[in-house]
Amino acid sequence: MRMKPGRPSLADRADLFDVPAASGDLGVTFLGVSTLLFDDGQDAVLTDGFFSRPPLLRVALGRVAPDAGRIDAALGRLGLDGPGSRLRAVVPVHTHVDHALDSAAVAARTGAVLVGGGSAAQVGRGGGLPDSRIQLVAPHAPMPFGSFTLTFVESAHCPPDRYPGRITEPVVPPVRTTAYRCGEAWSVLVAHRSGRTTLVQGSAGFVPGALAGVRADVVHLGVGQLGVQSEDYIRAYWAETVEAVGAREVVLVHWDDFFRPLDRPLRGLPYAGDDLDVTLRVLGGLAAAQGVGLHLPTVWRREDPWSLLP
């Protein structure tokens, strides 16, 4: 643990919360950590779907399980509740607890399929999903879900990965947090039939060269634990994600304190675990030098980052 007290001030970065509200058909809604809803009113896909956000002491010392009340409240607010929902796919970017805890429960409530690697499949089976509602991915193979096409590229978790390895047996909650091992980590290219694209990089890790040949207009860039890495690592991460896909706009995700429920204002992770100040300083310099827009999303607001493009 780092000894620096406190946490970064989001009020001092109010100017970065500038992604325009969506006024057209396609929008993306940030829901904390790497949970992102891509929705055009007819079809929708959701990364992670992590709404329970159990408190730190329970995560560290107890057992965790999906919180039905918090999941139902979130799905209701988003208009996704019920088996006739327009939600087509729930996509954990990897299977740590802050990404995959609720994925199976969200898929079960909405009629969506759970999409991911073998570890995500075990989370789904443990959550009661039949194999017909679990779809395994192959790297670089486009997968259509209504108006959206998802393409998965193998990635890596930001170091250190506290719960490494794959999940080989069904995870049946309540369980210790250690049951949610990282599993397969993905960079997910989300393409809409309108031609708009974004890369979801849910964890601040990368596989060198993995995104060569992939193109995206926007990157939703995970920055959890990035602020405690070396500046060389941060610069390499930017190069292997944002620069690699040629994005002109970057929206930062996975910066919030995910032990705090979504019905309270978001706040940054404490300095003991991350340093958003460092992240914004280094990425801000890179973005300015390269003419790339850098933004923070507003929770619960349906936004249109593509409207910022030239």
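The numbers here are math on the coordinates, done by the rules we state, and not lab data. Computed from a prediction, not measured in an experiment: that's the story for all the values here. Note that we place each Cβ from the backbone using ideal geometry, even for glycine, and neighbour counts take in every protein chain shown.
Summary of computed values
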| quantity | calculated |
| --- | --- |
| Qualifying positions in segment 57-111 - out of contact with any helix residue (DSSP H, G or I) (no Cβ under 7 Å at 6 or more places or on another chain), of a type in the set (A, V, I, L, M) and buried (at least 19 other Cβ atoms within 10 Å of the Cβ) | A74, L78, A89, V91, L101, A108 |
| Pairs, first polar (S, T, N, Q) in segment 282-310, second assigned to a helix (DSSP H, G or I), C-beta under 8 Å, six or more apart | Q290/E243 |
| Qualifying position, being outside any helix (DSSP H, G or I) and over 26 Å from A73 (Cα atoms), among A272, A244 | A272 |
| Flag if R267 is under 30 Å from A68 (Cα atoms) and surrounded by fewer than 18 Cβ atoms within 10 Å (Cβ to Cβ) | yes |
| Residue within segment 293-310 that is more than 19 Å from F50 (Cβ to Cβ), in a loop (DSSP other than H, G, I, E, B) and of a type in the set (F, W, Y) present | no |
| Answer residue from segment 27-72, given it is under 17 Å from the mean Cα position of the chain (by Cα) and among the charged types (D, E, K, R) and is farthest from P305 (Cα to Cα) among those | R53 |
| Candidates A65, A11, A74, A22, filtered to the one that is of a type in the set (A, V, I, L, M) and without any contact (Cβ under 8 Å) to a residue 24 or more places away in the chain | A11 |
| Candidate set: segment 271-291, residues that are more than 13 Å from L16 (Cβ to Cβ) and among the hydrophobic types (A, V, I, L, M, F, W, C); chosen: the one surrounded by the most Cβ atoms within 10 Å (Cβ to Cβ) | V282 |
| Conditions (1) under 25 Å from G76 (Cβ atoms); (2) assigned to a helix (DSSP H, G or I); number of the one not met by L283 | (1) |
| Unique match (being in contact (Cβ under 8 Å) with a residue 60 or more places away in the chain and of a type in the set (D, E, K, R)) among D81, D98, D102 | D98 |
| Residue in segment 216-228 that is surrounded by fewer than 22 Cβ atoms within 10 Å (Cβ to Cβ) and of a type in the set (G, A, S) present | no |
| Qualifying residues in segment 123-154 (those that are in contact (Cβ under 8 Å) with a residue 60 or more places away in the chain and among the polar types (S, T, N, Q)) - the one nearest to S203 (Cα to Cα) | T151 |
| Checking V190 against (1) within 26 Å of T168 (Cβ to Cβ); (2) under 16 Å from the mean Cα position of the chain (by Cα), the condition it does not meet | (1) |
| Some residue of segment 224-232 being under 15 Å from the mean Cα position of the chain (by Cα) and farther than 18 Å from G285 by Cβ | yes |
| Within segment 230-251, considering residues that are closer than 15 Å to R215 by Cβ and hydrophobic (A, V, I, L, M, F, W, C), the one surrounded by the most Cβ atoms within 10 Å (Cβ to Cβ) | V242 |
